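Everything below concerns the one structure shown next.
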Amino acid sequence: MLKPFAILALLASYPAQAGAADVKSVIASPAYKRAVASLDREHDRIVDEIVTLTEIPAPPFKEKARGEAYLAMLRSAGLTDVETDAEGNVMGLRRGTGPAGGPLVVIAAHLDTVFPEGTPIKVRREGTHLLAPGIGDDSRSLAILLAYARALNAAGVRTARDILFVGNVGEEGPGDLRGTRFLFGKGRYKDRIQAFFSMDGTDGARIVNRGVGSKRYRVTFSGPGGHSYGAFGLVNPMAAMSQAVVDLYRLDVPKSPKTTYSASVTGGGTSVNSIPDKVFMEFDMRSESAEELARLDQRFRAIVTAAVEGENRARLTREGKVAADMKVIGERPAGGTPETAELVRVAQAAVAAQGLKPELMASSTDSNLPMSLGIPAITIGSGGSGGRAHSVDEWIDVAKPASLKGMLPGLAMLLAMADLQK
């Protein structure tokens, strides 16, 4: 861990701005130092909680068991108003000194993993490395949120703003941000959230301040079908689908803002000697720009329509025509928090204080939702090191010095945005 004078020296070299000054003041405060000491004392407990949470399966849409365990942990951490909302998010409040019902700061980590039901999950230890599916994405973050809550209480920290600690559902893939959609759309705190931190993954230098939006479709192409020899000449939905893919991949899209597309999953058909009556393909489109994503979406839909019409013109339709059913299977809004925003400046200063070079970047995370609503939001790492995310041999390193140091930027950001009372 950096010594206090080293931290202050780093901050002094950071560009002069309100965010750096706020973080410098937080790090120099006795309350912050007491909270850091608490994290130091509790490191073994934090590691134990990472293991406990990791070994409770939480596949997409089936986070309930992990949520129930996390709810009990939030309560044990000394938070109030601990509850599970109608979508399955679990949360607890730490009251500030300001009036009840005032603006608050949210720090959240997601409960779900990418791994399907039945995936074996048992944490394996290799020295200071812990290996298991989902251990860094996002079990470590969940445990660190608990550690922050306990450390603030143990240190007698007071903040002007309330802090809401959240374990949310639905961040990964098919979950389509359903947890944060509810939090900001229907949740009891939706009109009070002044700033939002998502803690996801381990990279302590990463600050996600741009949300990559996405639109995902499953397109089912259908037709009359028939024998591959006897019905030869009839329209074929496979031909329409193939043409749509070819035409999609002829599109030029901007490199900045980065915009992408992919034909990703396919299936269907009856047998090798049959013209299929139904085939499908899943498509993924992404952009940092809401406008470019909407433009790409419009062009894609036109391509599918043209491919169907072209097939119906090219071959016989006496037994029926080819049609396409376009079903949206995922939609994440694009957005961003400007580099000049207080939240981003605070995050940069807090990361720099630990001797790391802050890296602003774009990604698709829970922060997309508040960003799209104009609410200041970023996604940060839980610190330390790790790798192989989304694989069954995912790992993190819990060697204490680096692990503890990795927790400190998030703590400083949280206290600066919640207005630490010194």
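The residues of the stretch 287-310 that are under 15 Å from A239 (Cβ atoms) and either touching a Ser or Thr at 6+ places or on another chain (Cβ under 9 Å) or of a type in the set (A, V, I, L, M, F, W, C) (or both), listed by number, are I303, V304, A306, A307, V308. Residues that are among the charged types (D, E, K, R) and within 27 Å of S372 (Cα to Cα) number at least 1 in the following strands (runs of 3 or more DSSP E) confined to the stretch 121-233: 162-168, 206-211, 213-222.
Selection over the stretch 389-408 of residues that are outside any strand (DSSP E or B), open to solvent by less than 10 Å² (accessible area, probe 1.4 Å) and either closer than 16 Å to A147 by Cβ or without any contact (Cβ under 8 Å) to a residue 12 or more places away in the chain (or both) gives a count of 4.
Residue-wise test of (1) surrounded by 20 or more Cβ atoms within 10 Å (Cβ to Cβ); (2) among the hydrophobic types (A, V, I, L, M, F, W, C); (3) at pLDDT 95 or above; (4) out of contact with any Pro (no Cβ under 8 Å at 6 or more places or on another chain).
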residue	(1), (2), (3), (4)
A240	yes, yes, yes, yes
D252	no, no, yes, yes
G268	no, no, yes, no
V272	no, yes, yes, yes
K278	no, no, yes, no
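F61 passes every criterion in (1) assigned to a strand (DSSP E or B); (2) in contact (Cβ under 8 Å) with a residue 24 or more places away in the chain apart from (1). Restricting attention to the stretch 280-304, the residues that are of a type outside the set (A, V, I, L, M) and surrounded by fewer than 14 Cβ atoms within 10 Å (Cβ to Cβ) add up to 2. Considering the stretch 244-341, the qualifying strands (runs of 3 or more DSSP E), each wholly inside and each with 2 or more residues that are without any contact (Cβ under 8 Å) to a residue 24 or more places away in the chain, run over 259-268.
The values are calculated or read from the model by the stated rules, or taken from the named source; none is laboratory data. Owing to the predicted nature of the structure, the values given are computational and were not obtained by experimental measurement. Don't worry about glycine lacking a Cβ; one is built from the backbone with ideal geometry, like all the others, and counts go over all protein chains shown. Calculation scope for accessible area: heavy atoms of the full protein, side chains included, ligands and nucleic acids excluded. Shrake-Rupley method; radii C 1.70, N 1.55, O 1.52, S 1.80 Å.
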